[in-house]
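First up is the structure itself, then whatever we jot down about it.
The values are calculated or read from the model by the stated rules, or taken from the named source; none is laboratory data. Owing to the predicted nature of the structure, the values given are computational and were not obtained by experimental measurement. Reconstructed Cβ throughout: ideal geometry from the backbone, glycine too, with neighbour counts over all protein chains shown.
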Amino acid sequence: MKISEFLNKDAVCTDLKSETKMDVIVEMVTMLVDSGIIEKKHKNKIVEGLMAREALGSTAIGQGIAIPHTKSDAVTELISALAISKKGVKFDSLDGEPAYIFFLLIAPSDSAGPHLKALARVSRLLKDKFFRDSLKNTKTAKEVMDLVSQEDSRIG
């Protein structure tokens, strides 16, 4: 499974404005609504699902990365959004550091396999410090997609 299979260029932001965990999640879900990937009527339900998951434990995994995720019957296939914050956001990370790279995943309620594979793939991709640094320096959604595609091919 390649990230480019579930990440749409229209759901990529290289200059996230949010400064709190809740605002990051709302801004990213709004990106998915604005790009037509999810219907507006499902926005609040998806935000609630993501925040409920955060209440179980932060999805900020350290090294400036957060991977908020949830399952929802509002989607029929795995979808995602990627956002980069220039300032960093306090996201209750395991290492206490702010998060700069946010990779949001939403999977259908009845799927376990694709959801877990996507989480593993994203985690693997973001482990590479050079890749994270390169991602933080991108200016456009196209640059992000090119970088992700390049790295997707490299790690096979």
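Things worth noting here:
- In this structure, ASP133 qualifies as more than 19 Å from LYS21 (Cβ to Cβ), surrounded by fewer than 17 Cβ atoms within 10 Å (Cβ to Cβ), of a type outside the set (S, T, N, Q) and modelled with pLDDT of 95 or more.
- Only residues that are crowded, with 20+ Cβ neighbours inside 10 Å and outside any strand (DSSP E or B) were counted across the range 79-92, and they come to 1.
- Qualifying positions in the range 126-138 - assigned to a helix (DSSP H, G or I) and either in contact with a strand residue (DSSP E or B) (Cβ under 7 Å, 6 or more places away or on another chain) or within 13 Å of ALA66 (Cα to Cα) (or both): LEU126, ARG132, LEU135, LYS136
- Total residues in the range 111-122, condition within 20 Å of MET51 (Cα to Cα), in contact (Cβ under 8 Å) with a residue 24 or more places away in the chain and surrounded by fewer than 16 Cβ atoms within 10 Å (Cβ to Cβ): 0
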